[in-house]
Amino acid sequence: MNNNTTQILNDKYNDDFNTALNIYENEYSHEDLIEFLKSGSVAQKQAAALKLDKINSKKDAQILIANLTGCDGKIREAISFRLKEFIPQNPEFFLDTQNTMLEAIIDINGNICRNTITAISSLKKYSQFTTAFCEKLIEKTKISITKVKSFGIQDGKYKINKEVFKLYWYLETISEFLEFININILKKIIEETKEIKDYTIREKTAKILSKINDDEDLLKLKQELKNDQNYYVRRF
């Protein structure tokens, strides 16, 4: 990296920092902050997300959610962090966000995945959200399982790890929405994921099984994983 490039990056960092600091230190109306989220710079959107007090309408929610995917990581993480507060306050504003949430739970940043799963847990009692969300979650999980199981030695490590990462977070989400997953569909998923080589997938499988105590077939699968060679799998 040459000196000119370094200087450009330093200048951009300073501009972003000063922009964010200006928003933090000064008073802005709710409407101003929403406008920053709608069409502001990276620094403006990040700072506005953190400074916003509440979501007043479904339109506000849509503008907020539009920044949860497909933009700079600093914005996505700030939005996911605030969702844990905003969704419980007004869950009715977020009932049509299934597709965006399904993208966010497999974000490349694990903090965003975790924050999103925590946030959407507040929507469990709304069938308008859970029915479509869980159907699509299962569909994507099945596709991911097929991909992970089909990888061979010729496939690059990055390609494999990327799909394993997705499956890991799909299973984590399933463990939080178990009551909405058909038991027979769940059994088929568990039967496949318990055999996957990557221990993190078997660990998430074990976590799901740790929450089930009333199905004979799944109890047998749980017993199998109690004898897994990996400690992190066995501990569940």
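The values are calculated or read from the model by the stated rules, or taken from the named source; none is laboratory data. Nothing here was measured: the structure is a model prediction, and the numbers come from that model. Cβ coordinates were reconstructed from backbone atoms using ideal geometry, including for glycine residues, and neighbour counts include every protein chain displayed.
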What do you reckon, is residue 60 assigned to a loop (DSSP other than H, G, I, E, B), of a type in the set (Asp, Glu) and outside the structural domain of residue 200 (by TED's automatic domain parsing)?
no
Candidate set: region 190-236, residues that are under 14 Å from residue 164 (Cα atoms) and among the polar types (S, T, N, Q); chosen: the one farthest from the chain's Cα centre (by Cα)
193
Answer from 83, 52, 102, 64 - the residue that is within 22 Å of residue 138 (Cβ to Cβ) and not β-branched (Val, Ile, Thr)
102
Does residue 61 fit the bill of being at pLDDT 90 or above and surrounded by fewer than 17 Cβ atoms within 10 Å (Cβ to Cβ)?
no
Note on region 170-229: residues among the charged types (D, E, K, R) and either in contact with an Asp or Glu (Cβ under 8 Å, 6 or more places away or on another chain) or within 28 Å of residue 119 (Cβ to Cβ) (or both) are 172, 176, 179, 187, 194, 198, 202, 203, 204, 207, 211
So residue 111 ticks every box in (1) touching a residue at least 12 places away in the same chain (Cβ under 8 Å); (2) surrounded by 16 or more Cβ atoms within 10 Å (Cβ to Cβ) but one. Which box is left unticked?
(2)
In region 204-215, is there at least one residue being acidic (Asp, Glu), loosely packed, with under 12 Cβ neighbours inside 10 Å and either assigned by TED's automatic domain parsing to the domain that holds residue 107 or without any contact (Cβ under 8 Å) to a residue 12 or more places away in the chain (or both)?
yes
Taking the options 159, 194, 188, name whichever one is surrounded by 17 or more Cβ atoms within 10 Å (Cβ to Cβ) and either farther than 20 Å from residue 236 by Cα or out of contact with any Cys (no Cβ under 6 Å at 6 or more places or on another chain) (or both).
194
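Looking at region 138-145, is at least one residue among the aliphatic types (A, V, I, L, M) and loosely packed, with under 14 Cβ neighbours inside 10 Å? Before the answer, list the steps.
As a first pass, look at region 138-145 and keep what is among the aliphatic types (A, V, I, L, M): 138, 143, 145.
In the following step, the residues that additionally are loosely packed, with under 14 Cβ neighbours inside 10 Å were identified as none.
For region 138-145, residues among the aliphatic types (A, V, I, L, M) and loosely packed, with under 14 Cβ neighbours inside 10 Å: absent.
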